[in-house]
Amino acid sequence: METLLFVPGDSARKLEKALASGADALLIDLEDSVSLANKERARQQAREFVVAHGGKPHVPRLIVRINAGDSGLMDADLDAVICSGLGAVMLPKCCGGRDVQQLSARMALREAFGDFPPGSFGILPIVTETAASLFAMGSFAGASRRLIGLTWGAEDLAADLGATANRDENGRWTGPYEMARSLTLLAARAAAVLAIDTVFPDIADTAGFAKACRDAVRDGFDGKMAIHPSQIAPIKAAFTPSAAEIDHAHAILAAVAAADGAGVVALQGAMIDEPHLKQARKILARAASKPPS
């Protein structure tokens, strides 16, 4: 999943439009983008949408962001959206592996009552929205087989910290948020799950968004969340290896194969070893996953 698009759960029009966005996954939101008065309508619309479209060919994976555990709304959300066609549940305000385990137990009960096989639905938590959550980033490894990835958020963290901004005058993340981003990537790798970069809220800043996408690829993220369909194409472009990158990856594999078991080989004046080989394989796997142009 390289492209994940947020869609308000209480907007049937936006949900239908999102099907043609080209996103790999739709994040159907029952939390921040839905007012308290519209929560029940959003639940029902989300369920109807998931049942109607989930799991069909050429349809994005459908993931529903429920409300946080301390909101008093989680159980009603789960009652509505644990249904045929659901891909996963997004857990906001997640403070560690224990929260994932508790959500998994709640989902297991509904799977049993709904006659779904155990573990049918995954969990994608947002893991940096409170200061406390940053102290539990090592607890996701082994927390649950449902865990499909980790992602992070800066807006709620800024509110929790009482910060007036989360970026500096040059548009770069300030210290706490750069640390949260890095910890998310490291925690995802430790847990052997996807690392998904956060949203870029300024839709009009196309240059800034393109750079943010390139930064995500550079640092090792597997994908990025979007808040508007117009952001899908730039994410795809950034996560598609260039012809030069593909050629270089092939050259690395060829040089290693020709080295007859040597641990280190020379290529174009540089020394190539196992980490370079691993990166080359990742680039070629990413290229192979793309549809023919």
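Wholly within the stretch 1-94, which helices (runs of 4 or more DSSP H) include no fewer than the required count, namely at least 1 residues that are in contact with a Gly (Cβ under 6 Å, 6 or more places away or on another chain) and not charged (D, E, K, R)?
39-53
Surrounded by 23 or more Cβ atoms within 10 Å (Cβ to Cβ) and touching a Phe, Trp or Tyr at 6+ places or on another chain (Cβ under 6 Å), is that true of Leu86?
Yes; evaluated as a whole, the condition is true for this residue.
Go over the candidates Arg65, Arg98 one by one and state the one that is surrounded by 23 or more Cβ atoms within 10 Å (Cβ to Cβ) and basic (Lys, Arg).
So the residue among Arg65, Arg98 that is surrounded by 23 or more Cβ atoms within 10 Å (Cβ to Cβ) and basic (Lys, Arg) is Arg65.
Scanning the stretch 218-232 for residues that are crowded, with 20+ Cβ neighbours inside 10 Å and more than 13 Å from the chain's Cα centre (by Cα), which turns out nearest to Ile283 (Cα to Cα)?
Among them, the one singled out is Ile232.
Can you confirm whether Asp156 is in the same structural domain as Leu26 (by TED's automatic domain parsing), acidic (Asp, Glu), modelled with pLDDT of 95 or more and surrounded by 15 or more Cβ atoms within 10 Å (Cβ to Cβ)?
yes
How about the stretch 183-293: which helices (runs of 4 or more DSSP H) wholly inside it have at least 3 residues that are in contact with a Gly (Cβ under 8 Å, 6 or more places away or on another chain)?
Hits in the stretch 183-293: 232-238.
Return the pairs, sorted by first residue and then second, in which the second residue is exposed (fewer than 10 other Cβ atoms within 10 Å of the Cβ), the first residue lies in the stretch 253-279 and is of a type in the set (A, V, I, L, M, F, W, C), the beta carbons are less than 7 Å apart, and the residues are 6+ apart or on different chains.
Once the first residue is of a type in the set (A, V, I, L, M, F, W, C) and sits in the stretch 253-279, its partners that are exposed (fewer than 10 other Cβ atoms within 10 Å of the Cβ) give Val264/Met271.
For the stretch 172-182, how many residues are assigned to a helix (DSSP H, G or I) and under 13 Å from Gly153 (Cα atoms)?
Going through the stretch 172-182 one residue at a time, the tally reaches 7.
Only one residue in Gly85, Gly72 is more than 20 Å from the chain's Cα centre (by Cα), modelled with pLDDT of 95 or more and within 20 Å of Asp10 (Cα to Cα). Which one?
None of the others qualify; the one that does is Gly72.
Taking the stated definitions as given, is Ala195 in contact with a strand residue (DSSP E or B) (Cβ under 9 Å, 6 or more places away or on another chain), in the same structural domain as Phe135 (by TED's automatic domain parsing) and not aromatic (Phe, Trp, Tyr)?
Judged against the criteria, Ala195 is a match.
Can Leu26 be described as buried (at least 19 other Cβ atoms within 10 Å of the Cβ) and under 19 Å from Ile227 (Cβ atoms)?
yes
Might you let me know whether the stretch 138-149 holds any residue that is in a helix (DSSP H, G or I) and out of contact with any Leu (no Cβ under 6 Å at 6 or more places or on another chain)?
yes
Just to be sure I understand the filter: pairs with C-beta atoms under 8 Å, separated by 6 or more residues or on different chains, first member in the stretch 60-85 and within 18 Å of Glu16 (Cβ to Cβ), second member of a type in the set (Ser, Thr, Tyr). Which pairs pass?
Here the result reads Pro60/Ser21, each pair linking the stretch 60-85 to a residue that is of a type in the set (Ser, Thr, Tyr).
The values are calculated or read from the model by the stated rules, or taken from the named source; none is laboratory data. Note that this is a predicted model, so its numbers are computed, not measured. Using ideal geometry, Cβ is built from the backbone for each residue, glycine included, and neighbour counts are taken over all protein chains shown.
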